[in-house]
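Let me begin by presenting the structure, written as structure tokens, before commenting on it.
No value in this document is a laboratory result; all are computed from the given coordinates. Everything quoted here is computed from the prediction, not taken from an experiment. Cβ atoms come from the backbone with ideal geometry, glycine included; neighbour counts cover every protein chain shown.
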Amino acid sequence: MPTAQHVQEMIETGLENSRAIVHDMTGTGDHFEATVISSAFEGKSLVAQHQLVYGALGPAMGGPIHALALKTMTPAQWAATNGHSQRPG
Amino acid sequence: MSRNVREEIETIIKSNKIVVFMKGTPQFPQCGFSATVVDILDDCGATYKGVNVLADFEVREGIKQYTSWPTIPQIFINGEFIGGCDVARELYASGELQAKLNAAVGES
């Protein structure tokens, strides 16, 4: 069963220039919540951004990962909402 | 005669302005994410077709391949794949979903 750490690593490995903040919503290793920040989202529709994350997760998504509540942001959107520098984390 | 599930899916999408492939029915959603989408569409006053993927395993898997989107629910407006629950929530919050729904039924 994947942990939040596994899911984070899968996303950050599979999606260029990305940073993922992942939480296990139920503690059961199959319902996760993730905020993903990546420059790869720039200029893409919301559904295309989510498809990039699902692509990074591959067969794990819809398999061991039953549900993933997903929030996607560009570095600029992250900076605007978090008042940090453009580089998250 | 073996089924052509992809063609069946395309026919459903093309012959209905608003379609939700979901778990359960609009009257009785059987998953939290599907229920959220039903609530959002109802709140927008949309008339839509619900397709219960729990009643048809081939459609349940076929739709995921059709959109290369691994989860259910999945929403289509005017034949365009809009996304799942998260995307619907964000578009609803921004008002973009209501605009897409209105455009689909020709209301401004």
Checklist outcome for this item: Counting only DSSP beta bridges with both partners in chain B, the antiparallel fraction in percent, to the nearest 5, comes to 65 percent
Item to check | Length gained when the stretch residue A:5-residue A:31 is fully extended (0.36 nm per residue, less Cα-Cα span) | outcome: 8.0 nm
Next on the checklist: Output wanted: per-residue J couplings in Hz (rounded whole) for segment B:21-35, from phi through Karplus 6.51 cos²θ - 1.76 cosθ + 1.60, θ = phi - 60°, x for Gly and Pro.
Outcome noted: 7, 9, 9, x, 10, x, 6, 9, x, 10, 6, x, 5, 5, 5
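For chain B, what is the charge dipole size about the Cα centre, in debye to the nearest 20, if Lys and Arg each add +1 at the Cβ and Asp and Glu each add -1 at the Cβ?
Here chain B has a charge dipole of around 200 debye.
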Checklist outcome for this item: Asserting the computed 222 nm helical MRE of chain B (DSSP H runs at least 4 long, -39500 (n - 2.57) per run, divided by residue count, to nearest 500) equals -14500 deg cm²/dmol
Checklist outcome for this item: Taking chain A, the whole-percent share of alpha-carbon pairs separated by over 19 angstrom is 34 percent
Next on the checklist: Quick check on segment B:5-84: take the gyration tensor over C-alpha atoms, sort the square-rooted eigenvalues as a ≥ b ≥ c, and tell me if it's rounded (a/c under 1.5), prolate or oblate.
Outcome noted: oblate
